[in-house]
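Enquirer: There's a structure below that I have some questions on.
Readers should treat all values here as calculations from the given coordinates under stated rules, not as data from a laboratory. For clarity, every value in this text was computed on a predicted model and none was experimentally measured. Cβ sites come from the backbone with ideal geometry, for glycine too, and all protein chains shown count toward neighbours.
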Amino acid sequence: MERENLWAPWRIKYVQGLDQECDCFICHDSQNSQDDDKNLVLWRTDKSIVILNRFPYNNGHLLIAPIRHIPDLDQANDDELLELTKLVRESQKALSLTIKPHGFNVGMNFGRCAGAGLPEHFHIHVVPRWDGDTNFINVCSDTDVISQSLTELLEQLKQTSKENNLPGL
Ligand SMILES: [Zn+2]
């Protein structure tokens with residue numbers, strides 16, 4: 001049984017991310033599978049969701065999150081941590097096959113002071129990098145240009161996933 005369930009049974013829906021009042025976009029996306037294309041959802045797995053960031057730092061910026069609405073690693077169980085880590089691997093595979101980056105930044109931000117845009121629901125950033133690409137801050141100011149191709153990129157990544165049986169968990 002989850003620790004949260006033992007101590008605060010009324011919060012079960014909340015910690016499972018099923019609370020309809022929750023205004024978290026990851027919970028919103030994970031509960032509305034009919035809108036996966038609109039929400040730029042690439043993959044759904046047992047415990048996790050992989051989404052193309054609508055405000056990317058660079059082309060192909062993916063977010064990997066547990067489906068449960070939890071703020072940090074301390075609340076994640078081992079099964080979730082294993083799946084999330086495997087999804088980092090599979091995301092890098094899919095991106096490498098699709099848009100051939102030269103490298104990646106993979107990271108997590110905890111707390112607003114550390115730059116977390118959504119501190120209540122932790123997520124892993126996978127950001128493709130290319131030799132000579134601009135730094136994060138410069139790229140950020142140009143997100144409109146990148147986002148025009150998000151739908152197209154999502155389709156390409158889905159096609160790559162189908163052809164290569166990704167994610168292979
Ligand atoms: Zn959430």
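Enquirer: Counting only other residues whose beta carbon sits under 13 Å from that of V126, what net charge do I get with K and R as +1, D and E as -1?
Expert: Net local charge, V126 excluded: +3.
Enquirer: How many nm separate the modelled label positions at A114 and D72, each set 7 Å beyond the Cα in the direction of the Cβ?
Expert: Modelled inter-label distance: 0.7 nm.
Enquirer: Measuring from label point to label point, each 7 Å out along Cα→Cβ, what is the I99 to K86 span in nm?
Expert: It is 2.5 nm.
Enquirer: What's the FRET efficiency of D131 with N164 using the Cβ-Cβ distance as r and R₀ = 30 Å, to the nearest 0.05?
Expert: Calculated value: 0.75.
Enquirer: Would you kindly state how much longer the chain becomes between T151 and V106 on full extension, computed as 0.36 nm times their sequence separation minus their alpha carbon distance, in nm to one decimal? Working shown, then result.
Expert: On the way: separation 45, 0.36 × 45 = 16.20 nm, distance 2.23 nm.
Extending this stretch completely gives an extra 14.0 nm.
Enquirer: May I ask which of K93/K158; K100/K158; K47/K93; K93/K162 have a Cα-Cα span longer than 18 Å here?
Expert: Exceeds cut-off: K47/K93.
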